[in-house]
1. Of the residues that make up the range B:382-396, is at least one within 14 Å of chain A (Cβ to nearest Cβ) and closer than 17 Å to A:Tyr86 by Cα?
2. Scanning for something under 20 Å from the mean Cα position of the chain (by Cα) and charged (D, E, K, R), does the range B:412-423 turn up at least one residue?
3. Identify the residue in the range A:261-306 that is of a type in the set (Ser, Thr, Tyr) and in contact with a Ser or Thr (Cβ under 6 Å, 6 or more places away or on another chain) and, among all such residues, is nearest to A:Asn55 (Cα to Cα).
4. Among the candidates A:Gly252, A:Gly267, A:Gly237, single out the residue that is over 30 Å from the mean Cα position of the chain (by Cα) and within 29 Å of A:Val9 (Cα to Cα).
5. Do we have A:Thr119 as hydroxyl-bearing (Ser, Thr, Tyr), more than 14 Å from chain B (Cβ to nearest Cβ) and under 30 Å from the mean Cα position of the chain (by Cα) here?
6. Could you tell me which numbered condition B:Gly263 fails, if it satisfies all but one of (1) crowded, with 17+ Cβ neighbours inside 10 Å; (2) part of a helix (DSSP H, G or I); (3) at pLDDT 95 or above?
7. Could you pull out every one of the helices (runs of 4 or more DSSP H) wholly within the range B:383-477 that has 1 or more residues that are closer than 13 Å to B:Thr193 by Cβ and of a type outside the set (A, V, I, L, M, F, W, C)?
8. Is it true that A:Ala384 is under 30 Å from A:Glu332 (Cα atoms) and part of a helix (DSSP H, G or I)?
Amino acid sequence: MNKFKTDIVVGLEIHIEVDTNTKLFCSCPTKGSEEPNTRTCPVCLGHPGSKPVLNKKAVEFAIKLCLALNCKVNKELIFSRKSYFYPDMSKNYQITQYEIPLGEEGNLKLRDGKEIGITRVHMEEDPASLIHPSGMQQSAYVLVDYNRSGNPLLEIVTKPELGNAEEAREFMKQLITTLGYLKIFDINNGIIKADANVSIKGSDYTRIEIKNITGFKEIERALNYEIARQKSAIAEGRKLEQETRSWDSEKGITFLLRKKETEEDYGYILDTDLVKTEITKDLTDKIKKDMPELAHDKIKKFVAKHKIKKEDAEILAAEKELAEMFEKVAEEVNPVLAAKWVRRELVRVLNYNKKEIHEIEIDEKHLIQLLKLVENKKITENVAQKLLEKLVEKPFDVNEYVKKERLEAVSDVSELEKYCREAIKENPKAVEDYKSGNEKALNFVIGSVMKKTKGKATPKEVNEIIKSLLK
Amino acid sequence: MRTQDFIQKIKSNEIDIVEHTHKAIEECKKLNKEYNYFNAISEELAIKQANDIKKQLKQDKNSLKNKKLLGVAVSAKDAICVKGIESTAGSRILKGYKPLFDATVIKKAVEQGAIIIGKTAQDEFGFGSFNVNVGLGFEIPKNPFDKTRACGGSSGGAAGITQKASFPHIALGESTGGSIAAPASFCGVFGLTPTYGRVSRHGLIDYGNSLDKIGTLGKNAYDAALLLEAIAGFDNNESTTINEPINNYTDSINKKRNNIRIGVIKETFRDIDGKVEKNARNGIEKLKENGAKIEEVSLSLPVKYGLAAYYILATSEASTNLAKYCGMRYGMSEELKGNFNEYFSKVRSEHLGTEVKRRIILGTFARMSGYRDAYYIKAAKVRAKIIQEYKRLFKKYDALVSPTMPILPPKFSEIEKLSPLQNYMMDIMTVSPNLAGLPHLNVPVGFEEKLPVGMMLTADHLEEGKLLQIGSLFDEE
């Protein structure tokens, strides 16, 4: 009966809001006014007589994801009505896919190469959003905002093949990376939500569903909490029952929504307001042709072609823009140097400025100029770091700037010696300490030289000169 | 006056359109007091449209010369949305609901110069064969030939006003399982249900999405053809519309055609009122006199299983379509009390009629897990077989003939005695072409006890032209 190999078994049902301009079945914009109930029309409000018309762009996006996840793409796109009464449902049924999903039998690889099976990928419409003015469990009433109603969603259902919370997080991260490459998801504003099925060996794998988890960081928190809760329940000798729980991100806990006595009955029927859409080979071929290189291919290529470390390649490939920047820079300068500067220094400066790579104005030309100077020892790394910080604020011609500000590295040994002699003279106490055995005191003298050269000397070289002068 | 002559007189200013429309509205009001044909009379809208036409006639007469419906009064079944005019599909739950948009058929008719005079009475959400299942607080329309009898349903008001109006008028009706043919038969008018997808359903309040068809009712085949010509065609707002060219249906009227092949469906003459049979046979005789080749055919599967398959599919779809009426956003509401389940249950319990509740329960049952395969899925398979059987016959025949209704227009007192199943049995002739999405036309073939009898012609998909051509043999002129 024990069909699972791991102690913890997790399966995910992920909902992604795809980044189309208009909603799935009407022409209301998916972005714009945040004023509640302004981006609505008779279709997404479920008015009598309104009829849905399928957004072709959303279908293209969905096929892209299916292909990226190695799914079999079915030849016919049909929609069904999933019936249940809930205030966020404008029609009290959701248009979704039931019998035949768009994609089936796919997979996604985690970083360590473990393959996670994907059962299905299907399209559906987003319900409206419910606003609980004084918290979900306390509010006496809810407000409904239909701006989101009818937004296109893709649902991805994984096999229960994730072995722990970290793998679930990793899966979500890989998925988001893929979405970024496909340009079908707004990484900054788009919503990605997951419901997780979690079970542990101790309860004989009693399935417990956690709803309402947003983002990949939350998934790890929620699952860690839930796994610990289940383990301690078993340790205390309590029995676990099949149930549905909700994740409260603020409190960091899961709480019981309902006991699952029976499977919900949604009374699915076809939505005959929407005709069958044929997914032709021509269409999938065209989409295949336009598919970008995905993270996995990039990593392989970076390691093989550019000979950089796999770890660096993974970090670079995790973000499409970063990977593309690296590729362009690596064409012109030493790839190892390029990798180091793109993944460490650029990311550091971006994080410091709280900016995303697509928000800054510099392009590969600036980085190439900068790194060529570093590569040829024309400027020190120290200077280069400061220049990069300035570049992120506002781009400029690096070569001209270095010339104008006289930032070239001091490489003339006699000139460096001159500065070193001065520094020794000015810091007799430190010199004395060094001579009496305190190695660290030398740093003070080196610092003084660095100050004199405004960082244009390399500390290693200065260190050597001072040591030889004090012999 | 024939509609085509009337339109000429409007174009040549022999008739003042505004004056005419005022008179037409007054007549509707008067008739309504006696017969209950309207749920709403759109006087203000009609007069405005008439004034617009009058102004345009003065300014640029030429721009109106190709308008197919210039000045013609058109009524719309209540389920067809008219912007700003209360549209309830005959249900109290939609009381007060004024659509934000015009149905495509309204938009198209108005573009051709039609004047929208009001929303006609119907069974609540189209759920009935006699138009006695009206919503709570609505009046039952009365047969134009005998006020103690039913108009037929569900487009009862449409058929009644078509028979009664003394002014040129054509009605927009809607059929899911026979809701145009049945009342047309009982009221003695021509009722045309086109091919599924020929006319846009955008703006039609749904009963069963895979079955609903907007059609036309007129005093003669020409009128029915004229309005169809204006409203048919592909619609970007409605995915199931067929992207095929529209024929000039009026050109088919009274056009000679030789070698018409007619199949008489023998099963439909079993167990029917003898007076209905006699008149239907007379109709067939008339076809023969006009040179048609008549043969008896069997259509056993549709007659045997059509009704069951229809009621399963239609109620399944209806039960999802009606879920949206929950007292939020539009229509009737109640005091906000209790949780959402309690709230919407109260709204629906209070404001939906008995037949509506019955069909919601039937439809919800038929699609429940555990029963879905036995009912919903099986019905869908039966439907596919029924279409095949029809298609086989249309290789040999131009049209099939049957009586439209098995009985004469019944008295209200007789209807009260019918069980729900006996009620559903009334649709035995009409459900199958509806299930198959085939165009069909009721033609009045005679009178019996001063009550009209109708005969139904069914043709292959998109053969409305053929249907109207054959049907025009029954025009009185």
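1. No.
2. In the first step, residues of the range B:412-423 are kept if they are under 20 Å from the mean Cα position of the chain (by Cα); the result is B:423.
Now restrict to residues that are charged (D, E, K, R): none.
Within the range B:412-423, none of the residues are under 20 Å from the mean Cα position of the chain (by Cα) and charged (D, E, K, R).
3. In this case the residue turns out to be A:Thr272.
4. Numbers: A:Gly252 fails: over 30 Å from the mean Cα position of the chain (by Cα); A:Gly267 fails: within 29 Å of A:Val9 (Cα to Cα).
When all the criteria are applied, what remains is A:Gly237.
5. Numbers: hydroxyl-bearing (Ser, Thr, Tyr): yes; more than 14 Å from chain B (Cβ to nearest Cβ): yes; under 30 Å from the mean Cα position of the chain (by Cα): yes.
Yes; evaluated as a whole, the condition is true for this residue.
6. Among (1) crowded, with 17+ Cβ neighbours inside 10 Å; (2) part of a helix (DSSP H, G or I); (3) at pLDDT 95 or above, B:Gly263 violates only (2).
7. By residue number, B:431-435, B:464-471.
8. Here the answer is yes, as A:Ala384 does meet what is asked.
The values are calculated or read from the model by the stated rules, or taken from the named source; none is laboratory data. Every value quoted in this text rests on a predicted model; they were computed, and no experiment measured them. FYI the Cβ positions are ideal-geometry reconstructions off the backbone, even for glycines, and counts take in every protein chain you see.
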